[in-house]
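All remarks here apply to the structure that follows.
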Amino acid sequence: MKIVVLVKHVADPDARWRYADDLTVDRAALEGRLSELDEYAVEQAVSLVENGLPATITFLTMGPAPAIEGLRKALAMGGDDAVHVLDDALSGSDALATSLVLARAVERIGFDLVLCGMSSTDAEMSVVPAMLADRLGVPQVTFANSLSVEDDRVTVRRAGDTSLDDVTATLPAVASVTDKSGEPRYAAFKAIMAGKKKPVTTWSLQDLGLDPQQVGSAGAASVVRRAAASPPRPTGVVVVDDGNGAAQIADYLVGHHIL
(Lines give C-alpha, C1' and ligand atoms only; values in the text may rest on other atoms or scores of the structure.)
Protein backbone atom coordinates (compact mmCIF):
# COMPACT_ATOMS: atom_id res chain seq x y z
CA MET A 1 0.00 0.00 0.00
CA LYS A 2 1.14 3.52 -0.77
CA ILE A 3 0.28 6.42 1.55
CA VAL A 4 0.92 10.00 0.43
CA VAL A 5 0.76 12.69 3.12
CA LEU A 6 0.35 16.32 2.09
CA VAL A 7 2.30 18.78 4.21
CA LYS A 8 2.73 22.55 4.00
CA HIS A 9 5.49 24.86 5.17
CA VAL A 10 3.71 27.95 6.48
CA ALA A 11 4.68 31.33 7.86
CA ASP A 12 5.00 31.29 11.65
CA PRO A 13 1.49 32.13 12.94
CA ASP A 14 2.99 34.18 15.77
CA ALA A 15 5.10 36.37 13.47
CA ARG A 16 4.03 39.75 12.12
CA TRP A 17 3.26 38.93 8.52
CA ARG A 18 4.55 41.04 5.68
CA TYR A 19 3.14 41.24 2.18
CA ALA A 20 4.90 41.53 -1.17
CA ASP A 21 3.91 44.07 -3.82
CA ASP A 22 1.40 41.60 -5.30
CA LEU A 23 -0.21 41.19 -1.83
CA THR A 24 0.99 37.62 -1.39
CA VAL A 25 2.63 36.78 1.94
CA ASP A 26 6.33 37.65 1.81
CA ARG A 27 7.52 34.25 2.99
CA ALA A 28 11.18 35.14 2.47
CA ALA A 29 10.86 37.74 5.24
CA LEU A 30 9.26 35.35 7.73
CA GLU A 31 10.28 32.37 9.77
CA GLY A 32 8.43 29.24 8.69
CA ARG A 33 7.42 25.88 10.09
CA LEU A 34 5.49 22.74 9.22
CA SER A 35 1.79 23.52 9.56
CA GLU A 36 0.76 22.22 12.98
CA LEU A 37 -2.46 20.70 11.63
CA ASP A 38 -0.47 18.73 9.05
CA GLU A 39 1.51 17.12 11.86
CA TYR A 40 -1.66 15.20 12.80
CA ALA A 41 -1.83 13.71 9.29
CA VAL A 42 1.84 12.72 9.56
CA GLU A 43 1.16 11.09 12.93
CA GLN A 44 -1.79 9.10 11.58
CA ALA A 45 0.22 7.78 8.64
CA VAL A 46 3.18 6.75 10.79
CA SER A 47 0.88 5.17 13.39
CA LEU A 48 -0.91 3.10 10.74
CA VAL A 49 2.40 1.58 9.65
CA GLU A 50 3.61 1.08 13.23
CA ASN A 51 0.37 -0.77 13.99
CA GLY A 52 1.01 -3.29 11.22
CA LEU A 53 -0.34 -1.78 8.00
CA PRO A 54 2.04 -2.85 5.20
CA ALA A 55 2.57 0.51 3.57
CA THR A 56 5.18 3.02 2.48
CA ILE A 57 4.80 6.72 3.27
CA THR A 58 5.73 9.59 0.96
CA PHE A 59 5.40 13.20 2.06
CA LEU A 60 4.47 15.78 -0.58
CA THR A 61 4.71 19.56 -0.51
CA MET A 62 4.73 22.45 -2.96
CA GLY A 63 6.35 25.78 -2.23
CA PRO A 64 9.60 27.76 -2.29
CA ALA A 65 12.99 26.34 -1.33
CA PRO A 66 12.48 26.67 2.49
CA ALA A 67 9.49 24.30 2.21
CA ILE A 68 11.97 21.43 2.38
CA GLU A 69 12.26 22.21 6.10
CA GLY A 70 8.66 21.05 6.53
CA LEU A 71 9.45 17.83 4.66
CA ARG A 72 12.48 17.20 6.86
CA LYS A 73 10.41 17.60 10.02
CA ALA A 74 7.83 15.15 8.68
CA LEU A 75 10.58 12.68 7.73
CA ALA A 76 11.99 12.97 11.25
CA MET A 77 8.60 11.78 12.55
CA GLY A 78 8.67 8.76 10.22
CA GLY A 79 7.95 7.80 6.63
CA ASP A 80 10.19 6.76 3.78
CA ASP A 81 10.76 9.61 1.34
CA ALA A 82 9.41 12.94 0.13
CA VAL A 83 8.64 14.99 -2.97
CA HIS A 84 9.03 18.77 -3.23
CA VAL A 85 7.28 20.57 -6.09
CA LEU A 86 9.46 23.63 -6.56
CA ASP A 87 8.93 26.23 -9.28
CA ASP A 88 9.02 30.05 -9.27
CA ALA A 89 5.74 30.12 -11.21
CA LEU A 90 3.89 28.64 -8.20
CA SER A 91 4.03 31.92 -6.29
CA GLY A 92 0.53 33.31 -5.82
CA SER A 93 -1.29 30.01 -6.39
CA ASP A 94 -4.75 29.81 -4.85
CA ALA A 95 -6.52 26.66 -3.64
CA LEU A 96 -7.65 25.67 -7.15
CA ALA A 97 -4.15 25.87 -8.59
CA THR A 98 -2.69 24.18 -5.51
CA SER A 99 -5.07 21.24 -5.83
CA LEU A 100 -4.17 20.92 -9.53
CA VAL A 101 -0.43 20.74 -8.82
CA LEU A 102 -0.85 18.35 -5.91
CA ALA A 103 -3.17 16.08 -7.92
CA ARG A 104 -0.63 15.80 -10.73
CA ALA A 105 2.12 15.03 -8.22
CA VAL A 106 0.03 12.45 -6.35
CA GLU A 107 -0.81 10.72 -9.64
CA ARG A 108 2.87 10.57 -10.54
CA ILE A 109 3.83 9.19 -7.13
CA GLY A 110 1.02 6.63 -7.12
CA PHE A 111 -1.28 6.20 -4.11
CA ASP A 112 -3.82 4.12 -2.26
CA LEU A 113 -4.50 6.67 0.48
CA VAL A 114 -3.84 10.41 0.60
CA LEU A 115 -3.81 11.95 4.08
CA CYS A 116 -4.16 15.68 4.78
CA GLY A 117 -4.58 17.94 7.75
CA MET A 118 -8.03 19.46 8.23
CA SER A 119 -6.71 22.87 7.17
CA SER A 120 -3.49 24.83 6.80
CA THR A 121 -2.66 27.27 9.56
CA ASP A 122 -2.18 30.18 7.16
CA ALA A 123 -5.11 30.24 4.71
CA GLU A 124 -7.38 28.04 6.90
CA MET A 125 -9.69 27.21 3.97
CA SER A 126 -10.12 23.43 4.47
CA VAL A 127 -11.01 22.96 0.79
CA VAL A 128 -7.87 21.42 -0.77
CA PRO A 129 -8.63 17.82 0.35
CA ALA A 130 -12.06 17.94 -1.32
CA MET A 131 -10.67 19.59 -4.46
CA LEU A 132 -7.88 17.03 -4.60
CA ALA A 133 -10.30 14.09 -4.30
CA ASP A 134 -12.42 15.53 -7.09
CA ARG A 135 -9.42 15.96 -9.40
CA LEU A 136 -8.24 12.42 -8.63
CA GLY A 137 -11.74 11.01 -9.07
CA VAL A 138 -11.70 9.16 -5.73
CA PRO A 139 -13.88 9.21 -2.57
CA GLN A 140 -13.13 11.59 0.27
CA VAL A 141 -13.64 11.26 4.03
CA THR A 142 -12.90 14.47 5.88
CA PHE A 143 -12.50 15.96 9.37
CA ALA A 144 -11.68 12.60 10.93
CA ASN A 145 -11.24 12.41 14.70
CA SER A 146 -9.97 8.85 14.25
CA LEU A 147 -8.95 6.76 11.27
CA SER A 148 -8.37 3.10 10.47
CA VAL A 149 -7.54 1.11 7.33
CA GLU A 150 -8.59 -2.48 6.76
CA ASP A 151 -8.35 -4.42 3.51
CA ASP A 152 -9.49 -2.02 0.78
CA ARG A 153 -11.38 0.42 3.04
CA VAL A 154 -10.62 3.47 5.16
CA THR A 155 -12.99 4.24 8.03
CA VAL A 156 -13.10 7.50 9.93
CA ARG A 157 -15.09 8.80 12.87
CA ARG A 158 -16.10 12.42 12.47
CA ALA A 159 -18.03 14.71 14.80
CA GLY A 160 -21.36 15.89 13.43
CA ASP A 161 -23.58 18.59 14.92
CA THR A 162 -25.46 16.11 17.08
CA SER A 163 -23.61 12.80 16.79
CA LEU A 164 -20.40 10.95 16.04
CA ASP A 165 -20.56 9.40 12.58
CA ASP A 166 -18.52 6.49 11.21
CA VAL A 167 -17.87 6.93 7.49
CA THR A 168 -16.22 4.30 5.27
CA ALA A 169 -14.77 4.73 1.77
CA THR A 170 -13.15 2.24 -0.56
CA LEU A 171 -9.53 2.79 -1.52
CA PRO A 172 -8.03 4.66 -3.23
CA ALA A 173 -9.32 7.66 -1.27
CA VAL A 174 -8.44 11.01 0.26
CA ALA A 175 -8.84 11.58 4.01
CA SER A 176 -8.30 14.63 6.20
CA VAL A 177 -7.80 14.42 9.97
CA THR A 178 -8.47 16.86 12.77
CA ASP A 179 -6.41 17.88 15.78
CA LYS A 180 -8.45 15.35 17.82
CA SER A 181 -7.01 12.37 15.93
CA GLY A 182 -3.93 11.83 18.11
CA GLU A 183 -1.12 13.98 19.48
CA PRO A 184 1.82 14.22 17.03
CA ARG A 185 5.03 12.68 18.29
CA TYR A 186 8.10 14.66 19.23
CA ALA A 187 11.07 13.73 17.06
CA ALA A 188 14.16 12.88 19.11
CA PHE A 189 17.63 13.93 17.96
CA LYS A 190 18.36 10.50 16.47
CA ALA A 191 15.13 10.64 14.44
CA ILE A 192 15.93 14.16 13.23
CA MET A 193 19.34 13.03 11.99
CA ALA A 194 17.78 9.99 10.30
CA GLY A 195 15.21 12.24 8.61
CA LYS A 196 18.00 14.31 7.07
CA LYS A 197 19.27 11.23 5.23
CA LYS A 198 15.93 10.19 3.70
CA PRO A 199 15.56 10.95 -0.03
CA VAL A 200 13.74 14.08 -1.20
CA THR A 201 12.92 14.36 -4.91
CA THR A 202 12.34 17.78 -6.49
CA TRP A 203 9.88 18.22 -9.37
CA SER A 204 9.16 21.28 -11.49
CA LEU A 205 5.94 22.16 -13.30
CA GLN A 206 7.48 20.75 -16.46
CA ASP A 207 7.99 17.42 -14.70
CA LEU A 208 4.25 17.40 -13.95
CA GLY A 209 3.21 18.43 -17.45
CA LEU A 210 1.79 21.76 -16.28
CA ASP A 211 2.01 25.15 -17.94
CA PRO A 212 3.00 28.16 -15.75
CA GLN A 213 -0.19 29.91 -16.89
CA GLN A 214 -2.22 27.26 -15.05
CA VAL A 215 -0.80 28.17 -11.64
CA GLY A 216 0.41 31.15 -9.64
CA SER A 217 -1.25 34.52 -10.04
CA ALA A 218 -1.84 33.81 -13.74
CA GLY A 219 -3.97 30.76 -13.01
CA ALA A 220 -5.64 31.94 -9.81
CA ALA A 221 -9.45 32.15 -9.72
CA SER A 222 -9.30 34.51 -6.72
CA VAL A 223 -7.51 37.85 -6.34
CA VAL A 224 -6.47 39.76 -3.21
CA ARG A 225 -7.50 43.38 -3.70
CA ARG A 226 -6.36 44.81 -0.39
CA ALA A 227 -4.46 43.71 2.73
CA ALA A 228 -4.02 45.64 5.95
CA ALA A 229 -2.86 44.98 9.47
CA SER A 230 -5.54 44.40 12.10
CA PRO A 231 -6.35 47.63 13.97
CA PRO A 232 -5.05 47.86 17.53
CA ARG A 233 -7.45 46.84 20.25
CA PRO A 234 -9.14 49.79 21.96
CA THR A 235 -8.20 50.48 25.54
CA GLY A 236 -10.51 48.72 27.94
CA VAL A 237 -12.53 50.33 30.69
CA VAL A 238 -11.26 49.80 34.23
CA VAL A 239 -13.90 49.70 36.93
CA VAL A 240 -12.61 50.61 40.40
CA ASP A 241 -14.97 49.12 42.92
CA ASP A 242 -15.55 51.62 45.70
CA GLY A 243 -18.75 49.92 46.67
CA ASN A 244 -20.66 50.75 43.51
CA GLY A 245 -18.77 48.53 41.04
CA ALA A 246 -21.83 46.52 40.10
CA ALA A 247 -23.75 49.69 39.27
CA GLN A 248 -20.87 50.96 37.10
CA ILE A 249 -20.78 47.71 35.14
CA ALA A 250 -24.56 47.75 34.69
CA ASP A 251 -24.45 51.37 33.47
CA TYR A 252 -21.67 50.47 31.00
CA LEU A 253 -23.60 47.52 29.60
CA VAL A 254 -26.79 49.54 29.22
CA GLY A 255 -24.95 52.48 27.69
CA HIS A 256 -23.33 50.21 25.07
CA HIS A 257 -26.66 48.44 24.37
CA ILE A 258 -25.27 45.13 25.61
CA LEU A 259 -28.22 44.71 27.98
Under 7 Å by Cβ, and 6 or more places apart or on different chains, what pairs join a residue from the stretch 149-162 that is in contact (Cβ under 8 Å) with a residue 60 or more places away in the chain with one that is surrounded by 12 or more Cβ atoms within 10 Å (Cβ to Cβ) and not in a strand (DSSP E or B)? 149/48; 149/53
Only one of (1) free of Cβ contacts under 8 Å to residues at least 60 places away in the same chain; (2) in a helix (DSSP H, G or I); (3) under 25 Å from residue 180 (Cβ atoms); (4) not small (Gly, Ala, Ser) is not met by residue 61, so which one is it? (2)
Can you confirm whether the stretch 137-154 contains a residue that is within 27 Å of residue 207 (Cα to Cα) and of a type in the set (A, V, I, L, M)? yes
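Quick one: which helices (runs of 4 or more DSSP H) sit completely within the stretch 113-223 and have at least 1 residues that are in contact with an Asp or Glu (Cβ under 9 Å, 6 or more places away or on another chain)? First the steps, then the outcome.
Details: elements: 128-136, 189-197, 216-219.
Those helices (runs of 4 or more DSSP H) span 128-136, 216-219.
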Scanning the stretch 81-91 for residues that are modelled with pLDDT under 95 and surrounded by fewer than 19 Cβ atoms within 10 Å (Cβ to Cβ), the one farthest from the chain's Cα centre (by Cα) turns out to be 88
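Within the stretch 167-195, count every residue that is of a type in the set (D, E, K, R) and exposed (fewer than 11 other Cβ atoms within 10 Å of the Cβ).
Filtering the stretch 167-195 down to residues of a type in the set (D, E, K, R) leaves 179-180, 183, 185, 190.
Still in the running and exposed (fewer than 11 other Cβ atoms within 10 Å of the Cβ): 183, 190.
Of the residues in the stretch 167-195, 2 are of a type in the set (D, E, K, R) and exposed (fewer than 11 other Cβ atoms within 10 Å of the Cβ).
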Residue under question is residue 240, and the condition is that it be at pLDDT 80 or above and farther than 26 Å from residue 100 by Cβ; does it hold? yes
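The values are calculated or read from the model by the stated rules, or taken from the named source; none is laboratory data. Quantities reported herein were computed from a predicted structural model and do not represent experimental measurements. Using ideal geometry, Cβ is built from the backbone for each residue, glycine included, and neighbour counts are taken over all protein chains shown.
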